[in-house]
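Here, each number is a calculation from the coordinates, and none is a lab measurement. Since this is a predicted model, take the numbers as computed values, not measurements. No Cβ is skipped: glycine too gets one built from the backbone with ideal geometry, and neighbour counts run over all protein chains shown.
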Amino acid sequence: MKKAKKIVTMILVITMLAGLAACSSKTESKTENPETEKMSDTMKKIKKSGKIVVGTEASFPPLEFHKEIDGKDTITGFDIFVAEEIAKDLGVELEIKDMSFDGLLAALVAGNVDFVAAGMAATEERRQSVDFSIRYYDTLQTILARDDNKDEFPADSDMKGKLIGVQKGSTQSEIMSRMYPKAKTVEIAKNADIILQLQSGKIDGALLDDPIAQLYAIANPGLTATELIFKNDPEYDVGSSIAVSKEAPDVLESIDKTLQRIMDDGTYDKLLEKADSMLDADMIDMLVDE
Ligand code: ARG
């Protein structure tokens, strides 16, 4: 008898507790969902609008470039495919904003883009204003010259008096002033214009991330990627990471997870191949004709 009473009391207590729990979960759902409350404003905006905006500068094959696809000018390339994976993992659409390279980080800080994927190196200077993902692409540096002047760039050259084109706001600009103070650095907004100026003799050479220099050399007979500073020295190995606002650690965490996933499951290699396969003759014309 005593035992039965105990059981009844226990059942009553359990029912009461369950009731309380139900009550408290009801009051919680009336206020903001704790999941949303923890989100950064950027993440809230992404989830609410159903899209994430990537900023890039699309004159940087094979990472980002313009290509006519089905008669339409399209921005494509490895960074864009990676950005699509990032959007997919967040369950949202991707919107691409193409802008000048030296304006990308300001656009990110101002909230005009949610992340930057532009073959960008995570330098200490840039880390003052934004956060970076894990490194997802390695690249050395190469001087691109013309067939007629390539011999003026021996491996030990100090490039004294040479006019060297670099993209405005790039690490190449910083590498030139730090490592080649005797050369004259010419800052140019678009890589396509660097190539035109090199071809017309306005500049003597261009400092570019190696894969890009090699591609431009293949695409433009008359241009040659020299051996100069294309060496295995960490000082010249700037690599690429994705930039995110310092206010959005949850967006960064999600991006790092995507990068890690694609590196682990083989998607990364497939996307690189896909980007390379998009580089065809028409695209090569577009590289310099813009
Ligand atoms: N890797 C260099 C940097 O971080 C150049 C990147 C240029 N990227 C581009 N999409 N144009 O500054």
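Data for the structure
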| quantity | calculated |
| --- | --- |
| Karplus-derived HN-Hα couplings along the stretch 196-202 (A = 6.51, B = -1.76, C = 1.60, θ = phi - 60°), whole Hz, x at Gly and Pro | 4, 5, 5, 5, 7, x, 5 |
| Whole-Å semi-axes of the stretch 61-138's equivalent ellipsoid (Cα gyration tensor) | 22, 14, 13 |
| Net charge, Thr224 excluded, C-beta distance under 9 Å - Lys, Arg +1, Asp, Glu -1 | +1 |
| Order by protection proxy (mean Cβ within 10 Å, highest first), peptides 52-58, 209-215 | 52-58, 209-215 |
| The stretch 57-103 and the stretch 190-268: distance between their alpha carbon centers, rounded to Å | 15 Å |
| Calculated FRET efficiency for the pair Lys48/Glu227, C-beta based, R₀ 45 Å, to 0.05 | 0.30 |
| For peptides 80-92, 97-109, sequence by mean Cβ density within 10 Å, most packed first | 80-92, 97-109 |
| Near-label residues of the stretch 129-162 by backbone N, under 20 Å of a point 7 Å along Cα→Cβ of Glu253 | 130-135 |
| Rel. contact order, % - alpha carbon contacts under 8 angstrom, at least six apart, the stretch 77-130 | 34 percent |
| Exposure proxy ranking, count of Cβ atoms within 10 Å, fewest first, for Thr142, Thr185 | Thr185, Thr142 |
| Sequence-distant residues sharing a close amide H with Glu93 (under 5 Å, placed H) | Lys51, Ile52 |
| Value of relative contact order over the stretch 99-207, rounded to a whole percent, pairs C-alpha under 8 Å and six or more apart | 30 percent |
| Local electrostatic count, Gln167, Cβ distance below 12 Å [Lys/Arg +1, Asp/Glu -1] | -4 |
| Extension gain (nm, one decimal) between Asp148 and Gln128, 0.36 nm per residue minus Cα-Cα | 3.0 nm |
| For the stretch 92-230: Kirkwood Rh in Å [reciprocal of mean 1/r, alpha carbons] | 16.0 Å |
